Every structure is written in structure tokens, then in C-alpha cells.
Amino acid sequence: MVLETGKRLVERGHNVDCVCIRADASIVGIESGIAFHEIGGPLSSQLAFWLGFRRGCSRVAEVVRRLVAGSPTECVLFPQVFPANWWGSYVLQKLPELRAVWYCQEPSAFIHSKAWINALPWPKNWIAKGLNPILARWDLRACSHFEKVLVNSEYSRQYSRRIYGYDETRCEVVYLGIDRRRFLPAARNERDASVLCVAKLTEFKNIDRVIAAMRCLRERGDKVTKLHVVGTGDAFPSLVQQTRRLGLDDRVVFHGRLEDDNLIRLLQRASALCLMSVDEPFGLVAIEAMACGTPVIAINSGGPAEIIGNTEAGVLLDRPEPTLIAEAISNLLSNNSEFETRSHVALARAADFDWERTVDRLESVFRSME
């Protein structure tokens, strides 16, 4: 979201500055036109970051103060994923004249989602539960400072309003987009009998249910379908162990983290993407898959239900039950007519999610605050 919208805002004549811990040139791309300002220090995944959190906030505020010097009312502070929203809240307390819009991908899951907390491995789950009362109060207070809040789906809008108490006009939906110059479909004969999962490997994502579905397919006589799993996370060891226990080493491939080009190739070759998390806030990978002409098998809740809706762009399941997943996969792989229909609808639906449309909406919101 930062990189894609930032570089397009630059192309439209805006100055875009990004304050961050680190800006790896291999990731952010020096050609984007965005000016990156690194505060340094440990990443937010490290304990040292939180021990020095106040100091980090002060560094962010100092950088912002320098950037807006002389024209604070002409600038928009646009914090996004946690902990940037806490940084933004701190900056607003120091520079209250700034206009501020928070893009809330979701209320911080490790604070407000019991399902996400329970899915953490021990002892992270107990730490999260112990700190939860303090963090929840802090988060509610911090997120009350933003005059405008944007979210990535109607589901996220309702969820955010429920958590933070925002009124109807304060919280608006601005969908994420995709670059359809890169995410393109492949010919049908370039696809193989494969299913793809792309996610942070936690229990919340229910990758284990998809692996179990592979066993169901084998028991039905399927000898060729493979599952490709892309991502890293705490659940990786248990997923590998499950794969070996079920004798699926030749049917399940773990890729770890992939560069975008390699991911796109997998999306283009797959016959289906499985997204089995319940109440997923948005599900950008679902849009990316659909732009490649790959139907999506997802749970009928959260963002994926909103994205697919009542179209034939994918298959919505009531629950992440392995037998149901296996049946949906089997239908797509064995019925060429069904695949072609869903693939064409997926392509058409993906066209509704475009970064240029996203930037149009952002500009409209920013101007409305002048």
C-alpha cells in the first residue's frame, strides 16, 4: 500500500515522504520517487523495539517536524499498519495542526482478535493475553486521534467501528489494488494440477486444513494434484510435520518467502488459490490470483466473501473443512468448463481493484480535508 500508492501519488505531482525504521533499496526501489527517511533501530518484531518505543516515537516526530516545517497545514500524515498508527498518534499530540488519515488494514489482530491470539504458539499467546488489557486501552486511546480512518473492506469498516466506536462518516472503505500490468493470466495449457496457498504460516490461516484436504484427494484416487505453500511463520514446523505424517512429501511443496515474479508464476500455473482463514480482513492475494485468471476457494466471511460475493470468481465454503476443500479443488481440476467459467469471471472481477482507482479515492479524501 505504501509503495504502490506512494509512487503513483509522486507521478501525479505530490511530494511523498516515508518515515520508516529501514528502507531496503532491494525492496522499496529507488526509482519510486518516494523520499525515505530511516529512524534506525531494531525492527518491531524485536523486544528492543518495544523497550525503546518512546524513543522511537520521538525520532519519528522529529523527522515529521522537519519535513512539515513552515507548512504543516498543507501536509497530510498518512500512517498505516501497526505500529505506524501509534507513531502517528504520538506525532499528532506534538503537531496537532497536522491533518491525519489512518489507513487501517485491520484493528491490530494481536490486541483485538481472540482467534489470532489463540493461534499464536506458546509462550507468545500467553504474553499477548497478559498484555492485552494494557495494549487494548493504549490502542483505543491512540486511534481516537485520527479525524479520518480508511479501511480495506466493508467488513473491516464494521469491525473497526465496533472496536473503536467510529461514527458512520469518519470511517470509509478504500480498497487495495493490484498492478494488472504484472498480474496477468496464463494460457489454460500452461496450468498444471496444482493448488496454491500464500499466507503467513500461523494457525489462523488454516493451512493445515488444506494439507488434510490433499489427503482426502489422494483417498479419492487423485494421484497428481500438488499443493504449493508460500510463506513463513510459527506454524511452519508443525505443517512440515503434518505433511510427513500423512505421507504427502511428494504432494506438498513449501517455498518459504518468494520474490514477486516467482509468486506470479505460481499464481499463473495454479488451478486454484486456497484462502482458508476465517474473517480475513481483505485478502490481497485473492485479487492477485483472480487477475491471473486463477479461481479462489475461500471461506464465506470477511473480505474474501466481499471480493467474490455472488459471482463465479471463486468458491465460498461455509467452514474450512478438509472434505469440503477437497471437493471444491476436485471440481475445479476435473471440470474444464467450470474452471474456464470461473477463470473468466475472476479476471473481470479483479479489474475492479486497481491501484489507480485507489489513488483516485485517496486524493479525494485528502482534498476533502483541506
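General observations
- A cut-off under 12 angstrom between Cβ atoms defines the neighbours of Asn152, and their net charge, with Lys, Arg +1 and Asp, Glu -1, is -3.
- Among 338-345, 260-267, the peptide with the highest mean count of other Cβ atoms within 10 Å heads the list, and the full ranking is 338-345, 260-267.
- Computed extension gain for Glu147 through Ala23, at 0.36 nm per residue and net of the alpha carbon distance, reaches 41.8 nm.
- In a reduced charge model with +1 at each Lys and Arg Cβ and -1 at each Asp and Glu Cβ, the chain shows a dipole moment near 960 debye about its Cα centre.
- Ordering of 286-292, 244-250 by packing is 286-292, 244-250, highest average first (other Cβ atoms within 10 Å, averaged per residue).
- When the alpha-carbon atoms of region 139-202 are used, the pair Rg, Dmax equals 18.4, 54 angstrom.
- Pair Asn132, Asp318: separation of 7 Å Cα→Cβ label points (nm): 2.8
- 3J(HN,Hα) along region 162-176, derived from phi through the Karplus expression 6.51 cos²θ - 1.76 cosθ + 1.60 where θ = phi - 60°, amounts to 5, 6, 9, x, 5, 7, 4, 7, 7, 10, 10, 8, 10, 5, 5 Hz, with x in place of Gly and Pro.
- Highest-first packing order for the peptide set 88-99, 220-231 is 88-99, 220-231, based on the mean count of other beta carbon atoms within 10 Å.
- Additional length obtainable on full extension of the chain from Asn125 to Arg65, 0.36 nm per residue less Cα span: 17.9 nm
- FRET efficiency for the pair Leu51 and Asp352, taken as 1/(1 + (r/R0)^6) with r the Cβ-Cβ distance and R0 = 41 Å, rounds to 0.40.
- Computed from the C-beta positions of Lys94 and Asp192, the FRET efficiency with R₀ = 51 Å rounds to 0.40.
- For region 30-153, a crude dipole built from +1 on the beta carbon of Lys and Arg and -1 on the beta carbon of Asp and Glu, taken about the Cα centre, is about 480 debye to the nearest 20.
- Spatially close lysines, pair count over the chain: Cα under 25 Å, gap of eight or more or interchain: 12
- A helix-only calculation puts the chain at -14000 deg cm²/dmol for mean residue ellipticity at 222 nm, using -39500 (n - 2.57) for each DSSP H run of at least four residues, averaged over all residues.
- Between Asn335, Leu51, Ala35, the Cα set farthest toward the positive side of the dipole of the chain (charges on each charged residue's Cβ, about the Cα centre) is that of Leu51.
Values quoted throughout were computed directly from the atomic coordinates according to the rules given, and no laboratory measurement underlies them. As the structure is a prediction and not an experimental result, all values here were calculated from the model. As a convention, Cβ positions derive from the backbone with ideal geometry for all residues, glycine included, and neighbour counts pool all protein chains shown.
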